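In what follows, a structure is listed as structure tokens, so that the remarks can point back to it.
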Amino acid sequence: MDDAHAPGTPLNRSDLADQDFLSATGIARLEVVDSTGSTNADLLRSVTVEPSAWPDMSVLTAEYQTAARGRLDRHWEAPPLSSVSVSVVLRPANAEGRPLPTQSYSWLSLIGALALRETLLETAGLPAELKWPNDVLVRGKKIAGILAQLGPMVDGSVPPVILGTGLNVTLRGEELPVPTATSVVLEAPRTADRTELLKSYLSHFAVLYRSFCNADGDPAAGLAGGPSLHKRVEAVMTTLGKQVRAQLPGDHEIIGHASRLDEYGSLLVVDRDSREHVVTAGDVVHLRPWTSSDASGQGGYA
């Protein structure tokens, strides 16, 4: 493993500050900090206190996060210099400056997941897939999570979205939070250079995000270079076609067949009585397919 791939290698700040890279991606501001509690929490605070200083496509990345949080307020802490921890301020508007309808915001975390999948595939050479609602998997194990949080409405303007991404890069097996997780370096990648992975992710994200904005947030509209966002996400969503258990807020759960995504990116699950349920939030567990001998209908863990 060369130096750029080794654990403990800092991000290359001059590479990230390269003007050609920033102008090509439309990144308005990019800050790198050594350590922070959470890049998402920092940006949520910053867009409240000084919104004009953090325009659309402002980026904050940290070498070390001490209080990162995921969905359902889960907390975790990775070793310093072992992950890509990055948050982006999004103020979605089309080419004329007209804000996108807020109902399209639910697709922003899926755009992030899609961009990260493309990065892992093209830059690291890893076969990545998406797991609904916001995880990226490699060979069935979670390598990254994405969290979108709505910022405050300031001066009557449309609220921004803070999109946070955490990618496990050089973590060893014993450093992973759960046995069902993995990291880039554990999957025999083409590269595990954190700077290269971060730049690739931001580049892929910028293209998808700008195309989505210029389509007025319509997930069914063709994006630059091909199919719609809806089709692109469904094509790489490993959850679809599987038997799943959806754990919903309020201790409810649905067991059924994950059939498709609706126009808001919600998961549609068909139960054994052929009723279709819309799952907008919650954890999803992939189950083994039902068999005739499985009288309980509970399936098994995949």
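Between G140, G156, which is out of contact with any Cys (no Cβ under 7 Å at 6 or more places or on another chain), over 30 Å from G97 (Cβ atoms) and either open to solvent by less than 10 Å² (accessible area, probe 1.4 Å) or among the small types (G, A, S) (or both)?
None of the others qualify; the one that does is G140.
Restrict the check to the stretch 249-262 and report whether at least one residue is touching a residue at least 60 places away in the same chain (Cβ under 8 Å) and in contact with a His (Cβ under 7 Å, 6 or more places away or on another chain).
Checking the stretch 249-262: at least one residue is touching a residue at least 60 places away in the same chain (Cβ under 8 Å) and in contact with a His (Cβ under 7 Å, 6 or more places away or on another chain).
Working carefully through the options P92, P177, find the one that is in contact (Cβ under 8 Å) with a residue 12 or more places away in the chain and either open to solvent by less than 30 Å² (accessible area, probe 1.4 Å) or over 23 Å from A246 (Cβ atoms) (or both).
P92
I'm told S109 meets every condition in (1) hydroxyl-bearing (S, T, Y); (2) surrounded by fewer than 24 Cβ atoms within 10 Å (Cβ to Cβ); (3) more than 25 Å from A67 (Cα to Cα) except one. Can you identify the failing condition by its number?
All conditions pass for S109, except number (3).
Residue by residue, here is whether (1) β-branched (V, I, T); (2) open to solvent by 10 Å² or more (accessible area, probe 1.4 Å) holds:
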| residue | (1), (2) |
| --- | --- |
| F21 | no, yes |
| G26 | no, yes |
| V33 | yes, yes |
| T36 | yes, yes |
| A41 | no, yes |
| P55 | no, yes |
| S58 | no, no |
| T66 | yes, yes |
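Suppose we keep only residues that are part of a helix (DSSP H, G or I) and open to solvent by less than 10 Å² (accessible area, probe 1.4 Å) within the stretch 209-230. Which one would you say is nearest to L81 (Cα to Cα)?
Only one residue tops the list, namely Y209.
Which members of the stretch 28-50 meet the condition of being under 21 Å from R210 (Cβ atoms) and assigned to a helix (DSSP H, G or I)?
Across the stretch 28-50, the qualifying residues are L43, V47.
Does S200 count as surrounded by 19 or more Cβ atoms within 10 Å (Cβ to Cβ) and of a type in the set (S, T, N, Q)?
In short, yes.
With respect to the numbered conditions (1) closer than 30 Å to L171 by Cβ; (2) touching a residue at least 40 places away in the same chain (Cβ under 8 Å), which one is the sole condition not fulfilled by A235?
(2)
Under 7 Å by Cβ, and 6 or more places apart or on different chains, what pairs join a residue from the stretch 98-110 that is over 15 Å from D262 (Cβ atoms) and in contact (Cβ under 8 Å) with a residue 40 or more places away in the chain with one that is part of a loop (DSSP other than H, G, I, E, B) and among the hydrophobic types (A, V, I, L, M, F, W, C)?
Qualifying pairs under 7 Å: P99/V158.
Scan the stretch 243-284 residue by residue and report those that are open to solvent by 10 Å² or more (accessible area, probe 1.4 Å), aliphatic (A, V, I, L, M) and more than 18 Å from the chain's Cα centre (by Cα).
Answer for the stretch 243-284, where residues must be open to solvent by 10 Å² or more (accessible area, probe 1.4 Å), aliphatic (A, V, I, L, M) and more than 18 Å from the chain's Cα centre (by Cα): L248, I254, I255, V270, V278.
The values are calculated or read from the model by the stated rules, or taken from the named source; none is laboratory data. What you are looking at is a predicted structure, and each value in this text was computed from that prediction instead of being measured. Methodologically, a virtual Cβ is constructed for each residue, glycine included, from the backbone with ideal geometry; neighbour enumeration extends over all protein chains shown. Side chains included, ligands, DNA and RNA excluded: accessible areas come from the protein's heavy atoms. Shrake-Rupley method; radii C 1.70, N 1.55, O 1.52, S 1.80 Å.
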